[in-house]
Amino acid sequence: MLRDVPAAMAARMAELEARDAADRTDGTAHLARLRQVPRATGEFLALLCAAAPPGPAIEIGTSAGYSAMWLALACRETKRQLTSYEVLAEKVELARETLRLAEIEDVVEVVHGDFRDDASRWRGVGFCFLDAEKDVYEDCYGLVVDAMASGGLIVADNVISHAAELESFVARVLADERVDALVVPMGKGELVARRR
Ligand SMILES: C[S@@+](CC[C@H](N)C(=O)[O-])C[C@H]1O[C@@H](n2cnc3c(N)ncnc32)[C@H](O)[C@@H]1O
């Protein structure tokens with residue numbers, strides 16, 4: 001899976017990595033920046049998603065589809081679909097271009113909208129990646145945790161890079177008896193929770 005990233009996907013990954021790096025130094029406005037996960041976190045997500053129990057995968061916060069490509073590798077491997085939510089129209093357009101260029105339109109669907117408005121449709125979810133604005137983490141977690149399959153994995157990004165903003169969210173998940181959870185100190189800090 002990680003050893004044979006298809007050439008079309010590798011090319012789009014490299015393009016988005018370069019754009020994301022430029023965004024961070026060239027004064028691009030916050031909402032226009034890609035703000036995507038580092039490559040090692042993408043690989044970590046793919047490994048976790050590939051190890052998750054059967055059931056659909058969800059991503060909350062698509063941006064240009066960089067993390068969605070890593071998750072698509074795992075979804076191909078485990079024969080599941082990824083649905084990724086994005087509120088900003090410009091990002092949805094970029095992400096759909098990513099799906100086309102990386103040749104993963106058969107595995108990934110990008111939904112233009114707020115995950116919270118569509119959460120009730122989900123049951124038996126095998127994997128969820130939460131990477132949206134920090135003020136919606138608690139709402140999104142509350143909605144998705146009961147939609148998870150037994151053994152399903154929820155991963156939330158930025159819990160170390162945005163420790164102050166996410167303090168009550170992290171405390172809530174670590175105290176939630178429905179999951180086993182811990183913070184993994186890699187990348188920007190990944191909270192991993194497994195539904196019991
Ligand atoms: C940090 S970026 C996602 C980066 C992406 N996961 C990656 O690594 O390539 C966060 C994105 O979440 C989107 N977003 C924020 N709140 C959302 C919500 N409630 N539902 C869906 N998307 C949301 C933002 O517009 C933004 O593009």
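The values are calculated or read from the model by the stated rules, or taken from the named source; none is laboratory data. None of the values given here were measured: they were computed from a predicted structure. All Cβ positions, glycine included, derive from the backbone under ideal geometry; neighbour counts span all protein chains shown.
Any residue in segment 60-82 that's farther than 17 Å from residue 16 by Cβ and assigned to a helix (DSSP H, G or I): show its pairings with residues that are near the ligand (Cβ under 8 Å from one of its atoms) and modelled with pLDDT of 95 or more at Cβ separation under 8 Å, as long as the two are six or more apart or on different chains.
none
Those residues that are surrounded by fewer than 16 Cβ atoms within 10 Å (Cβ to Cβ) and more than 11 Å from the ligand (Cβ to nearest atom), I need them from segment 135-168; list them, please.
Hits for segment 135-168 are 138, 142, 146, 150, 151, 163, 164, 165, 167, 168.
Could you list, in sequence order, all residues of segment 22-49 that are over 23 Å from residue 78 (Cβ atoms), in a helix (DSSP H, G or I), hydrophobic (A, V, I, L, M, F, W, C) and within 13 Å of the ligand (Cβ to nearest atom)?
Once the filter is applied, which keeps residues that are over 23 Å from residue 78 (Cβ atoms), in a helix (DSSP H, G or I), hydrophobic (A, V, I, L, M, F, W, C) and within 13 Å of the ligand (Cβ to nearest atom), segment 22-49 yields 31, 32.
Counting only residues that are within 8 Å of the ligand (Cβ to nearest atom) and more than 22 Å from residue 8 (Cα to Cα), which one in segment 55-77 is surrounded by the fewest Cβ atoms within 10 Å (Cβ to Cβ)?
Among them, the one singled out is 61.
Take residue 52 and tell me if it is farther than 18 Å from residue 169 by Cβ, within 13 Å of the ligand (Cβ to nearest atom) and surrounded by 21 or more Cβ atoms within 10 Å (Cβ to Cβ). Spell out how you get there, then give the answer.
Details: farther than 18 Å from residue 169 by Cβ: yes; within 13 Å of the ligand (Cβ to nearest atom): no; surrounded by 21 or more Cβ atoms within 10 Å (Cβ to Cβ): yes.
No; evaluated as a whole, the condition is false for this residue.
Does at least one position in segment 111-134 carry a residue that is in a strand (DSSP E or B), within 10 Å of the ligand (Cβ to nearest atom), modelled with pLDDT of 95 or more and more than 21 Å from residue 188 (Cα to Cα)?
yes
Does segment 30-56 hold any residues that are in contact with a helix residue (DSSP H, G or I) (Cβ under 6 Å, 6 or more places away or on another chain) and farther than 19 Å from residue 4 by Cα, and which are they? Spell out how you get there, then give the answer.
Of all residues in segment 30-56, those in contact with a helix residue (DSSP H, G or I) (Cβ under 6 Å, 6 or more places away or on another chain) come to 33-34, 36-37, 42, 45-46, 49-50.
Result: 33, 34, 36, 37.
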